[in-house]
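Read the figures in this text as sums done on the coordinates, not as results from a lab. Note that the structure is a prediction, hence the values are computed from the model and not measured. Positions of Cβ are generated from backbone atoms using ideal geometry, with glycine treated the same way; all protein chains shown enter the neighbour counts.
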């Protein structure tokens, strides 16, 4: 009997797990969705592979925001479908924003896909892949990070209520659904216990967090709560702050926090009053300036990242010049620039896209040149200073890190000549700089040389 049980157990061990390859596209919010899905698959009969050619199942998490992202998503689905036609993989699943918005159209064009799911269908996806039923609150669904352990994104809400004229996010992800503070804190504490030292707070609009909860809360309440996370968490960084919703209470909470980075990602989108009104942004240029003044007063030394759109329908040369003047006057530390892209179903799609493609590109280039000069001048002021840097990558004698003024992937880096350890903080003395990076050495090494 015992011998038969041993044989049976050995046979079970010898059953090879199905291999799954997850292709995650788009923004940080999509990345978190992918991490939740991997957490759901963590204790199932799947093993994760980085190689699509080796996979039995491929899952593509799509992005549906802007033409370029949609094209990339479709291309990745088509590549996976081509692999499936060769017999490996035998299963193809598509999820995410593009899948949620256009499931019927995609199914018609790409019949090789076995099933389409939305952005938040993690439980249904795992049930489909495994043939087992899981409840929404199953402890199986703990995130498996796709980032290094020392930083992690923390999504505090899903969807958006703003209705900006150019944005299709509410059409894909629905209206805002904030997570309760206790649930967010539980996740934050698990991440910190796992070694996370920097939390990046994300939502479609972080500054409207909590308005929809039965017991209304504010981002200020969440910041205060997160400040009490266990020892180990040193930096909290806020992204996607809508300036119209950046209240005095939130600014004061940021200023009072012991862990909040002196950094804010606050998309302003434009500076012309007429364009801002058409965009339905809720503030004119003067209102935006007041928010920025309040931030700089409450948090001395804060670095601001923003994004803007050029070539919006009806944008005149005067409108664009107003934007350029605004950028030169405010001197944002980081500035991302998009050219207007018509999004189906949005209010702006009903406007005449009357700015020619070449004009959009030219305006983007002009603004990029302005910002490059500002970034260079700002970075030059860092030379000679010793800054606290989180180490994202480290080799034998070279490393890459970030100051509190820079978020991962989208902002500047610190290039370090010297030995430091990945995932730790180090004091780096800055010796040189350009518009994209600071260059330095570990402070102890710099002092001894």
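For the options 416, 383, 288, a Gaussian network treatment of the chain with springs between C-alpha atoms closer than 10 Å singles out 383 as fluctuating the most.
Among 96, 26, 384, the residue with the largest mean-square fluctuation in a Gaussian network model of the chain, with springs joining Cα atoms closer than 10 Å, is 384. Debye-formula intensities of the range 204-338, expressed as log10 I(q)/I(0) at q = 0.13, 0.19 Å⁻¹, are -0.57, -1.09 (one equal scatterer per alpha-carbon, no solvent).
Beta bridges from DSSP with both residues in the range 143-302: antiparallel share about 15 percent, rounded to the nearest 5.
Each peptide among 27-39, 399-411 gets the average number of other Cβ atoms lying within 10 Å of its residues, and from highest to lowest they stand as 27-39, 399-411. For the range 367-423 and the range 251-318, what is the centre-to-centre distance using only Cα atoms, to the nearest Å? Centre-to-centre (Cα) distance: 23 Å.
The three principal axes of the Cα atoms in the range 151-380 give end-to-end lengths of 52, 44, 29 Å, sorted in falling order. Compared with the dominant Cα axis of the chain, that is its longest principal axis, helix 67-85 is turned about 20°. Using a cutoff of 8 angstrom between alpha carbon atoms and counting only pairs six or more residues apart, the relative contact order for the chain works out to 9 percent. Note: relative contact order over the range 155-286, using C-alpha pairs below 8 Å and six or more positions apart, is 24 percent. Angle of helix 317-330 to the longest C-alpha principal axis of the chain, folded into 0 to 90 degrees and rounded to 10: 90°. For the range 43-148, averaging the sequence separation of C-alpha pairs within contact (under 8 Å, six or more residues apart) and dividing by the residue count gives a relative contact order of 24 percent. The angle between the Cα long axis of helix 285-298 and the longest principal axis of the Cα atoms of the chain comes to about 80 degrees, rounded to the nearest 10. Under the rule of -39500 (n - 2.57) per DSSP H run of 4 or more residues, summed and divided by the residues of the chain, what mean residue ellipticity at 222 nm is obtained, to the nearest 500 deg cm²/dmol? Computed mean residue ellipticity for the chain: -11500 deg cm²/dmol.
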